[in-house]
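Everything on this sheet refers to the single structure shown next.
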Amino acid sequence: MKGKSGRSIAAISDVRAAVSRFCDEQLSRRLDTQPVAEVHQKVSACVQTVDPAMTPYIFGSTAVLGVHEQGSDVDFACLSPTDVQDGKGADAVSEVAKGLQSDFLFRLSEVVKREHYLWGIELVRRTRVPVLRVKGGLGVDSVSFDVTANRRNGVRNSALLRAYFTQCPEARWLSMLVKQWSKRTGLNASVDGGCITSYGWNIMVVYYLLRRRLVTLVPVESCDVADIAPMPPYMPLETPQQGGQALADMLMDFVRYYLDEFAPETEVMSLTRAAGETTKEMLSWTKQAEDMARIRGEKIHYRWCIEDPYEYDLNVGRNVTPFKLMLLRKHLERAQETALLLLA
Ligand code: ATP
Ligand code: MG
Ligand code: MG
């Protein structure tokens, strides 16, 4: 079948069958959050040794989707009682604050090394946010997690995404389909040469849902760490309705939206204002700013703009270069033919 633009488009009946196979396959796997709860317990014990006042909060995919997918890491933010009480406060960005965060993570790394000597540990201090990366165990018992300190934004942005995904039954499935596709195509930043993190893809999914009025705007200020549990509750996934028809339609419409309707030259995907109202010009995300801007020596691109809901002046799509943008378009065109490779 050919679309308006003359490109080949997969037949919707084939897409529905493929989507339904994808969902069945996921549902046949273990998706509960028990393995995450076990890692949470181990990390909590180590944190307790370093500083009993600190609490590790889980964010990222476990919090966003309420399930644990194979291949996803676990994201932790260790928070102090003050961080939690001031649960809507902005995260400190000064070098002094980052130094204190690194110190805590260093002490934590020493305890983790002692308690779990087989786990691989790397403390990364020079990134925008200091992070302790841990890879441990073998086979089914393997764990992989990132720990940050005194940073609420991840906990808040995960709660925000969760508040969107619980508004519409197809949304979590769409997020999972898009994430897996982005990893398989190499567009996901977790793959070498990739450019948009899963977090970025999730904001793109939510922005699309807002544009289509399938969800309503959740005020960013409504997410308060003081109201959020350190270990997010499990939300079992259900088989999509009507044999996945609505989900198949949504999936193809998502691809169409980013290929034909979204205007990357002027528009910014943002969850801060009503969808469609944020422009690059408003944020001064211009060619001139692109020529000037650097984060730790790395160039910032404003070709594919995704405004972080909690960080000031941060483009989540900052690693999308002109070349990567072209690649993104090619993969979206191919996704239209193959229903995100489900038919490939
Ligand atoms: P996965 O299943 O692939 O691990 P995820 O839902 O956990 O997916 P990640 O991309 O690992 O998503 O993001 C986890 C957290 O890291 C986000 O909640 C966010 O706070 C932070 N983060 C990720 N990417 C960016 C980015 N490009 N800019 C700023 N913060 C980011
Ligand atoms: Mg993650
Ligand atoms: Mg991570």
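The values are calculated or read from the model by the stated rules, or taken from the named source; none is laboratory data. In this text the structure is predicted, and so the values were computed from the model without any measurement. Here Cβ is always computed from backbone atoms with ideal geometry, including for glycine, and neighbour counts include all displayed protein chains.
For this structure, a couple of remarks:
- Number of positions in the range 55-73 that are near ligand 1 (Cβ under 6 Å from one of its atoms) and at pLDDT 95 or above: 4
- Scope the range 117-159; condition within 12 Å of ligand 3 (Cβ to nearest atom), of a type in the set (Gly, Ala, Ser) and modelled with pLDDT of 95 or more; matching residues: GLY154, SER158
- Residue within the range 218-229 that is charged (D, E, K, R), under 18 Å from PHE22 (Cα atoms) and either touching a Phe, Trp or Tyr at 6+ places or on another chain (Cβ under 8 Å) or touching a residue at least 24 places away in the same chain (Cβ under 8 Å) (or both) present: no
- Residue under evaluation TYR312, criteria (1) closer than 30 Å to VAL67 by Cα; (2) of a type outside the set (A, V, I, L, M, F, W, C); (3) outside any loop (DSSP other than H, G, I, E, B), criterion not met: (3)
- Filtered by the rule that a residue be within 16 Å of ligand 3 (Cβ to nearest atom) and assigned to a helix (DSSP H, G or I), the range 36-57 gives VAL36, VAL39, HIS40, VAL43.
- Positions within the range 186-225 being in contact with a strand residue (DSSP E or B) (Cβ under 8 Å, 6 or more places away or on another chain), within 17 Å of ARG156 (Cβ to Cβ) and of a type in the set (A, V, I, L, M), in sequence order: ILE203, VAL225
- When GLY87, GLY71, GLY60 are checked against the criterion of being touching a residue at least 12 places away in the same chain (Cβ under 8 Å) and exposed (fewer than 14 other Cβ atoms within 10 Å of the Cβ), GLY71 stands alone in meeting it.
- For the range 212-235, the criterion of being of a type outside the set (Ser, Thr, Tyr), surrounded by 21 or more Cβ atoms within 10 Å (Cβ to Cβ) and within 16 Å of ligand 3 (Cβ to nearest atom) is satisfied by at least one residue.
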